[in-house]
There are 2 protein chains.
Amino acid sequence: MTFSSDNLIGGERVPGAGAPWRAVEAATGSALEPAFASATAEQAERACALAAEAFDTYRETPLQARADFLDAIARNILDLGDDLVTRCMAETGLPRPRIEGERGRTVGQLRMFAEVVRRGAFLGLRVDPAQPERKPLPRPDLRLRRIAVGPVLVFGASNFPLAFSVAGGDTASALAAGCPVIVKAHPAHPGTSALVGGAIQRAVAECGLPAGVFALLFEEGIAIGQRLAADPRVAAIGFTGSRRGGTALMQIAATRATPIPVYAEMSSINPVVLMPAALQARGAEIGKAFVASLTLGSGQFCTNPGLVLAVDGPGLDAFLAAASEALPNVAAATMLTPGIHKAYCEGVAALESNPAVERVAQGQEGTGQQGQPVLFATTGAAFRADHRLGEEVFGAASLVVRCADTNELRAVLEGLEGQLTAALHMDPSDHVETRGLLPVLERKVGRILVNGFGTGVEVGHAMVHGGPFPATSDGRTTSVGSLAIDRFLRPVSYQDMPEALLPEALTDANPAQLPRSVDGA
Amino acid sequence: MTFSSDNLIGGERVPGAGAPWRAVEAATGSALEPAFASATAEQAERACALAAEAFDTYRETPLQARADFLDAIARNILDLGDDLVTRCMAETGLPRPRIEGERGRTVGQLRMFAEVVRRGAFLGLRVDPAQPERKPLPRPDLRLRRIAVGPVLVFGASNFPLAFSVAGGDTASALAAGCPVIVKAHPAHPGTSALVGGAIQRAVAECGLPAGVFALLFEEGIAIGQRLAADPRVAAIGFTGSRRGGTALMQIAATRATPIPVYAEMSSINPVVLMPAALQARGAEIGKAFVASLTLGSGQFCTNPGLVLAVDGPGLDAFLAAASEALPNVAAATMLTPGIHKAYCEGVAALESNPAVERVAQGQEGTGQQGQPVLFATTGAAFRADHRLGEEVFGAASLVVRCADTNELRAVLEGLEGQLTAALHMDPSDHVETRGLLPVLERKVGRILVNGFGTGVEVGHAMVHGGPFPATSDGRTTSVGSLAIDRFLRPVSYQDMPEALLPEALTDANPAQLPRSVDGA
């Protein structure tokens, strides 16, 4: 398939400027056609102006029309067919089943948000009827709805070229909330981004929405992204990526004349806690399953199990023996970008050279941009003494911490920074001991899961893909699941507003019969 | 009544250190007994340690017990009787009816949150049941609840010595959410703070809660407050005060090793828009009501009407004539503190000396710490050309902007910063024109009210006392009303957790029959 490498602004294709650059085939390192040219400052300015202009219209789009728009995006993405899959495979090095699965997830997210929009509960409608007879003062009529915050800037993620990029979770939830979206494409998969961006742009036109509802800008560097983050018309930012990138955006957002929220999903090592009875009963089995989770997608998941905690003993030995037997059979796999590969190699080298850390096992050696899986071990005391051991190494590397006893294990957990997930492996006879760890885990993570691994994030209503800093910039939210729509809404209250001027959802008539609470019930 | 001037930490009275200082009687400037001594760094440290220690226990307090605690605080405040009222009047210069009304509001807030806690909807419970047969992958069991964020630091407000101070809205909503609270008392009303703090401390003991659930620290300066804001155990901050103070806290919070949310309610001039038909029909009547709202409580409300917008013409002349007739009859009233009085005088002087601004009328001259009400006027063009005219002058000063036409009025609104409220005065024949202004107002303010003034903030479920920056630091929330509890919660998801280890509210049994959504419905 041929596709345009132009920026998409205001319903048009707009060629960028400056030195042309190309995507790189991850597996071979060779350049992929066509060439891209980065968006200019004027183009970024125009995208913001159009988004601001479209905002009042788009946020009042009837819910059914907004839901149809999300469904149209999903349909248009599927209509791209295999061209999208092959281009995405080339740019990311990820295998076909993964990309096809991720496409299904992306389309599923859009359709889930369409359903959330149709239901209308996200509006948070509240009515406190007037009480003209109340003493000493009459009570006014008060009605509340949540409205969209404004244009949202979304940064495509390198590790989810579909599900967290141009039409990914951030875009879907922002559009569902009623926010125009400006996407800064990740430079590692510009072709994938262009294809998906075209699908959204067509949906905007098909649904008769203002063209400013969506823009896609390309850039090889970071200046345009920073400029967009600082633009006064941008009301919120969605980001998935490195801690360095996320905290840089947080700083820009906090020092603007008008600070704005940043939803950055950043760094997490996702502790796996192996409880004694489970280890004793099936340490080897857990070890095998762990290696499968660790090496999935070359370990390039935010929920990759980068830390394993257990009380030392024969159960942990069985776990390690099984993991050490399984890991050497795992082939090195192509990583997403040269930069990610380099950072992985450096992170692994730092652990290799740390005298308190021993290498337990490794996968097969790779070539070029392939990452070699590796498993390290250390002691609880060493881990607690060196905060560097708690830093994320993005890729298929993990560190087993042998704890002297449950108290030390608990202390290690208490010392951790915020995390996306914690996984507990346990049997019924571990319940009592596990109960004591749960309060710690609740304070540290967004999702606690049992007898599984964090990789594989279900898109649903009860999912939290979030967690305290630095897992995310804002632990009060999630970036996966229907609750993510909350990030892009703010409440507005109407007092004694005549029925004729109230938003339809707040009128006495409530023609769409949307769910509302009355006097808090 | 005699009361202790000690800090309240860990269920004990703890004397501060350093130079003693006293509250000042607002009306006379004379010092009030007893002397206070500021909390030390070690005492601040201990309050944080105890709050963190109490957190896991307090946040799992059964809902009924937590609600009873809030009710006990309300009861204990009422039990302080007239001693609280007289001390509060002396420290603030506010008249008895205002203080008694504010006490009723404070007690009402606590009881409303008790009811919110009992209902349990604030937990946001969600269940997505497992689908073991789903293809290609089984769906896990996912259950979500919201938990308290951690210890909350509350700064007492100068202008609401009860409703937004030690047991005010921030404290009530944080305690309701399950957060221990550390209050930094406002130095302008330490005696009021000590009395109310004692009421809370007694409630903690009566309800058998961990003593770290509540602490009250005194300080004449700002160093201890800043230290508390930077303490790693503090998870969120509530503040009502100046833009300077609020943005300083925002900066501390954003540059901590672990950034935290700040809910600062700061600066707002609360535009009042007078529509043509309403002005024509009853410009004089609106003018009289406006003067009453402007001068209420010496204008020391966040929702004080500091800006009036209308299209120039006979209707506006009638409004101004009525206001000019009413204002000279209004006596100057004692302001809260010497600092607030000084800032008010400086703000008024700056407007007086602005060649584009004319003084329309003023109230009676005052003495000492009394503020003289004043009304200014300018043109739409002048207002748009000078951003200083849009800055808050805290007190009974307001600026009327004569707009050439509706387009200019709309442009003035578009140029405003975020506001807490906007008030529309209109008649049915103004509806069409008003409809065009509503989208602008929705983007700018937290509450839009019709044929009234923003002063008088109803405590209810549909109230928003918030708004875009700089009205508040976080326009996604409210600081008044039941929705304020959302500020201190974050979601946690439990995946495949055995029934025996699930939080009770998420078990299949759901013994308290709390409201939950299942699969999003």
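Each reported figure results from applying straightforward, stated rules to the coordinates on display, with no laboratory input. These numbers come from a predicted model, not from an experiment. A quick note on method: Cβ atoms are made from the backbone with ideal geometry, for glycine too, and the neighbour counts reach across all protein chains shown.
In terms of the Cα gyration tensor, with a ≥ b ≥ c the square roots of its eigenvalues, is the range B:271-450 rounded because a/c is under 1.5, prolate because a/b exceeds b/c, or oblate? Prolate. Taken residue by residue and averaged, Cβ atoms of other chains lying within 10 Å of the Cβ of A:446-452 number 6.
For B:Arg244, the distances from its label point to the matching points in the remaining copies are 3.9 nm, ordered from shortest, with each point set 7 Å beyond Cα toward Cβ. For the residue pairs A:Lys184/A:Lys288; A:Lys288/B:Lys135; B:Lys288/B:Lys444, the alpha carbons lie more than 28 Å apart in A:Lys184/A:Lys288. Model label sites at B:Glu504 and A:Glu285, defined 7 Å from Cα along the beta-carbon direction, differ in position by 3.4 nm.
Ellipticity at 222 nm from helices only: DSSP H runs of n ≥ 4 in chain A, each -39500 (n - 2.57), divided by the residue count, give -12000 deg cm²/dmol. Peptide B:140-147 has a mean of 5 when you count, residue by residue, the C-beta atoms of other protein chains within 10 Å of its C-beta. Relative to the longest principal axis of the Cα atoms of chain A, the long axis of helix A:243-255 lies at roughly 30 degrees. Sort the protein assembly as shown into rounded, prolate or oblate with this rule: let a ≥ b ≥ c be the square roots of the eigenvalues of the Cα gyration tensor; rounded if a/c is under 1.5, and if a/c is not under 1.5, prolate when a/b is larger than b/c, oblate otherwise. Oblate shape, in that a/c is at least 1.5 and b/c is the bigger or equal ratio. Looking at chain B, the DSSP beta bridges with both ends there are about 40 percent antiparallel. With an a/c value of 1.5 or above and a/b not larger than b/c for the gyration tensor axes a ≥ b ≥ c computed over the alpha-carbon atoms, the range B:1-119 is described as oblate. Take every pair of alpha-carbon atoms less than 8 Å apart whose residues are at least six positions apart; their mean separation over the length of chain B yields a relative contact order of 17 percent.
Among the residues of A:362-368, the average count of other protein chain beta-carbon atoms within 10 Å of the residue beta-carbon is 0.
From Cα pairs below 8 angstrom and at least 6 apart in sequence, can you work out the relative contact order of the range B:271-450, rounded to a whole percent?
For the range B:271-450, the relative contact order is 29 percent.
Here is how far apart the A:Glu414 label points are across copies: 5.7 nm, shortest first, using a point 7 Å from Cα toward Cβ.
Helix A:314-326 and the long axis of chain A differ in direction by around 80°, with both axes built from C-alpha atoms.
Here is how far apart the A:Glu60 label points are across copies: 5.0 nm, shortest first, using a point 7 Å from Cα toward Cβ. The C-alpha atoms of chain A define a longest principal axis, and helix A:431-444 lies at about 50 degrees to it. Of all chain A residues, the one whose Cβ lies closest to the rotation axis that maps A onto B, given with that distance rounded to whole Å, is A:Ala254, 2.
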